[in-house]
Amino acid sequence: MISRPGLLRRAADIAVASDPGLGRLQLGLAGAGNVAACMLVGNALALLLHAGAQGTVVFMLLSSVIAMMGTNALVDHRIKANAITAAYFPVAMGAGLTAGTLLAPSQLASLVGFVVVMFLAVWVRRFGLAYFFYGFMLWNGYFFASFLKTTLAALPAMLIAIIVATAVVLLLSCTLFRRHPRRTLAAVFRSMNARQRGLARACIALIEADPGSSAADRASLAVFRARARVTEAALMSDGWAAHAPALPEGWTASTLRARLLELQLGFDRLTIGARQLAAADASPAVRRAAIDALGALANANLARAREIAAGLPELAADEPREVQAAAARLQRGFSIVTSVPNRPALSRAVQENEPEFVPAAGLVLGQLPGTPSVASDVDPRGGSWNPLTRLQFATRQAVQVAVAGMLAIFVGSLISGQRYYWAVIAAFVSFAGTGTRFDTIRKSLLRVLGTLTGLVAGILVAHLTNGHVFLALAVIVASIFCGNYLMRISYAYMIFFLTIMLSELYAILGEFSDALLLLRLGETAAGAAVGIVVALVVTPVSTRDTIKAAQDSVVTATAELLDTLHERALEPASVAGDAVDERVIAADNQLRRLVLVGEPLTRYQVWENRPRAIRRRLTLVANVVATARSLTEAVRRLPVADDELAAEIAKVSDLARTVAGVTPDGAAEPDDASEQGALAHRSSAHGASARDIASAPDAPVRAGEALDPSARAITQGLPTQAYSTLDRLQTLLRELA
């Protein structure tokens with residue numbers, strides 16, 4: 001039974017861990033605040049310009065659109081950068097309004113223009129992140145002008161409303177809702193600590209579960225996800241470290257990265273040790289001690305966790321060898337995670353002479369990049385005869401959107417000649433923030449799900465607020481907050497609250513009816529279906545191809561890390577520690593990208609029947625990175641150069657490139673059979689076997705083929721640790737191949 005304080009801590013950890021840097025909370029508050037302020041300003045501007053009732057509604061709608069777009073676009077902590085981005089809001093929105101107004105008199109020209117604008121709105125994304133929002137504003141401006149039948153005489157007043165709303169959003173984004181880098185980084189640290197405690201709890205559940213049971217399978221998956229979330233928080237910290245104002249006093253970006261990587265090493269050992277202990281035939285006393293140590297860590301009692309873990313190797317002295325190895329690994333992991341210093345002692349000269357720091361993953365809007373960053377370099381499916389397969393990612397998506405737009409206009413018009421634009425909107429947004437066909441399918445289905453559930457809630461809420469305008473406006477603002485806050489958890493949440501907001505808006509305008517919302521559901525489903533069909537047929541990017549490409553990137557990054565370690569083993573003074581850290585965290589980032597595209601397939605889907613295989617492969621790749629990180633520690637601590645160890649590292653580096661399909665300098669891939677035969681010959685010639693090496697105290701349970709035993713040190717110590725780690729890494733790479 002968990003105590004009440006324990007439950008409260010766990011609930012607090014879940015809340016803090018789910019929002020690293022408090023980005024979601026700030027986005028929700030900024031969205032609600034910006035929309036409320038812009039609606040008030042739009043209303044005041046309409047009164048000032050004597051726009052009338054319809055003009056007031058138009059001004060408030062335009063201002064709200066600018067507010068919602070600006071909330072997401074103006075998140076940079078630098079005022080100048082936000083001002084430059086915001087300066088083009090009126091240009092993009094005004095261009096769409098003008099084009100829509102000019103083409104509105106002709107139905108055919110207006111529809112053709114709609115498709116062209118959809119193409120351009122996506123095509124301009126190739127020029128940078130800001131153009132993602134400019135494209136949306138261009139499309140929104142055209143949409144407003146086309147369906148509101150805007151006249152040229154009304155354009156100047158509407159442009160004034162857009163400029164004023166832009167100024168309001170910019171002012172609030174640079175003052176009340178401005179991100180403070182150091183506070184944000186501190187919030188990321190708190191989230192990372194909460195995620196680490198969550199990892200400890202997941203390890204407890206794994207050790208407590210019966211081996212081979214469904215509970216053990218679920219616990220193993222939970223451990224994998226928890227470990228990936230810790231890595232994600234570490235990478236986000238590394239990204240914020242690139243902003244000098246974010247760093248705590250006394251820190252440099254490099255020292256922060258070194259601390260993060262040391263913690264990563266410790267949690268690697270905890271995770272692997274917990275997995276080994278869960279699978280081994282350990283006595284209840286050893287299991288209980290490990291659980292107690294992990295429990296102390298989960299409760300942030302580091303001293304107690306370290307004290308309990310220190311006795312694990314002695315407690316497991318009479319246990320089977322695999323239990324001893326697991327206990328030793330757990331003890332070393334606890335030793336690291338409970339003793340990493342919180343603040344390094346740096347001289348002023350070190351702080352002032354910090355070299356230029358490049359984060360492993362550049363942040364996008366304060367967050368780590370999503371799946372489009374992974375899928376953009378993957379070749380789409382299709383024959384070589386198809387010229388679309390050779391287009392850049394943004395251009396391919398623009399073609400997809402244009403095709404989907406044409407089909408959505410046709411299908412939507414069959415349902416309703418007046419409201420077909422709902423189908424067009426659903427088809428258009430299906431390709432926003434998506435990279436693979438699986439992403440598009442999932443986003444389309446989530447949009448339908450959110451619309452369906454939001455429709456039920458919207459009808460109920462609209463009836464409750466009927467006749468109470470200010471209460472309805474409060475519901476709209478609250479819906480914007482909830483939608484923005486929960487959007488990164490699931491797109492369905494945002495659509496759910498968006499549907500409630502639209503229900504209230506229609507009620508205020510006097511157009512609300514249950515039939516209208518049902519019509520919106522039908523049009524949304526039609527548009528989502530069109531988006532899915534286009535994603536599957538027109539230059540589709542396969543999720544499996546993306547996973548394979550991401551996996552190869554992880555293994556290639558591991559090979560590059562091994563190359564750096566090879567140089568350091570040859571001449572320790574020639575390779576700085578920062579260079580090694582850069583390679584390690586680059587491999588971490590590639591692993592994050594793999595998990596990002598592969599993790600959704602670890603759950604059962606209608607079209608995916610192999611989640612266990614995906615889980616196993618992701619875990620295997622994660623073990624490759626963890627083992628390479630462990631090797632890094634061993635090589636760092638070498639007192640002198642070691643040519644023999646360097647030669648063995650080079651062999652494993654070549655193997656990693658072979659597994660990834662990368663051959664340096666155009667060299668042919670080595671023949672696997674001949675390489676295995678050579679290794680076996682070297683092993684037998686020196687009387688060593690894989691079993692002998694596996695029985696070393698620090699060797700993993702599943703050792704691979706022996707490396708060159710003539711290079712193995714006779715005495716116990718760092719060289720032996722390095723060789724046994726290389727053995728394990730070689731085994732993992734062969735299994736991955």
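The values are calculated or read from the model by the stated rules, or taken from the named source; none is laboratory data. Source: prediction; values computed, not measured. Please note: Cβ atoms are built from the backbone with ideal geometry, for glycine as well, and neighbour counts cover all protein chains shown.
Annotations
- Being at pLDDT 85 or above and in contact with a Pro (Cβ under 8 Å, 6 or more places away or on another chain) is a description that applies to A361.
- Boolean, F512 is aromatic (F, W, Y) and over 26 Å from the mean Cα position of the chain (by Cα): yes
- Restricting attention to region 380-405, the residues being at pLDDT below 90 and part of a helix (DSSP H, G or I) number 4.
- Answer from T539, T564 - the residue that is under 26 Å from G433 (Cβ atoms) and of a type in the set (S, T, Y): T539
- Filtered residues of region 226-244 (kept if of a type in the set (A, V, I, L, M, F, W, C), more than 13 Å from the chain's Cα centre (by Cα) and either buried (at least 23 other Cβ atoms within 10 Å of the Cβ) or in the same structural domain as Q264 (by TED's automatic domain parsing) (or both)): A226, W240, A241
- Residue match in region 414-421 (condition: under 19 Å from A32 (Cβ atoms) and not in a loop (DSSP other than H, G, I, E, B)): no
- Residues (without any contact (Cβ under 8 Å) to a residue 12 or more places away in the chain and either part of a helix (DSSP H, G or I) or within 27 Å of the chain's Cα centre (by Cα) (or both)) located in region 268-310: P284, R288, R304, E307
- In region 645-664, the residues that are more than 30 Å from the chain's Cα centre (by Cα) and not charged (D, E, K, R): L645, A646, A647, I649, A650, P664
- Residue match in region 550-569 (condition: more than 28 Å from L591 (Cβ to Cβ), modelled with pLDDT under 95 and part of a helix (DSSP H, G or I)): no
- Of the residues making up region 497-525, those that are in contact with a Leu (Cβ under 8 Å, 6 or more places away or on another chain) and either at pLDDT 95 or above or of a type in the set (V, I, T) (or both) are F497, T499, I508.
- Residue match in region 34-41 (condition: buried (at least 18 other Cβ atoms within 10 Å of the Cβ) and farther than 13 Å from V169 by Cβ): no
- Every listed requirement among (1) among the hydrophobic types (A, V, I, L, M, F, W, C); (2) in contact with a Leu (Cβ under 9 Å, 6 or more places away or on another chain); (3) touching a residue at least 12 places away in the same chain (Cβ under 8 Å) is met by A404 save one, (2).
- Contacts under 7 angstrom Cβ, first residue in region 169-186 being under 18 Å from A242 (Cα atoms), partner assigned to a helix (DSSP H, G or I) and of a type in the set (S, T, N, Q), 6 or more apart: R179/Q26; L185/S237
- Flag if H50 is assigned by TED's automatic domain parsing to the domain that holds G141 and touching a Lys or Arg at 6+ places or on another chain (Cβ under 7 Å): no
- For region 235-250, the set of residues classified as over 13 Å from A17 (Cβ atoms) and among the hydrophobic types (A, V, I, L, M, F, W, C) consists of L235, W240, A241, A242, A244, A246, L247, listed by residue number.
- Checking D377 against (1) in contact with a helix residue (DSSP H, G or I) (Cβ under 6 Å, 6 or more places away or on another chain); (2) in a loop (DSSP other than H, G, I, E, B), the condition it does not meet: (1)
- Candidates are the residues of region 498-538 that are among the hydroxyl-bearing types (S, T, Y) and out of contact with any Ser or Thr (no Cβ under 6 Å at 6 or more places or on another chain); the one that is surrounded by the most Cβ atoms within 10 Å (Cβ to Cβ) is S503.
- Failed item, numbered, when V230 is tested on (1) closer than 22 Å to A360 by Cβ; (2) touching a residue at least 40 places away in the same chain (Cβ under 8 Å): (2)
- Out of A408, A472, sole residue that is more than 30 Å from A36 (Cβ to Cβ) and crowded, with 20+ Cβ neighbours inside 10 Å: A408
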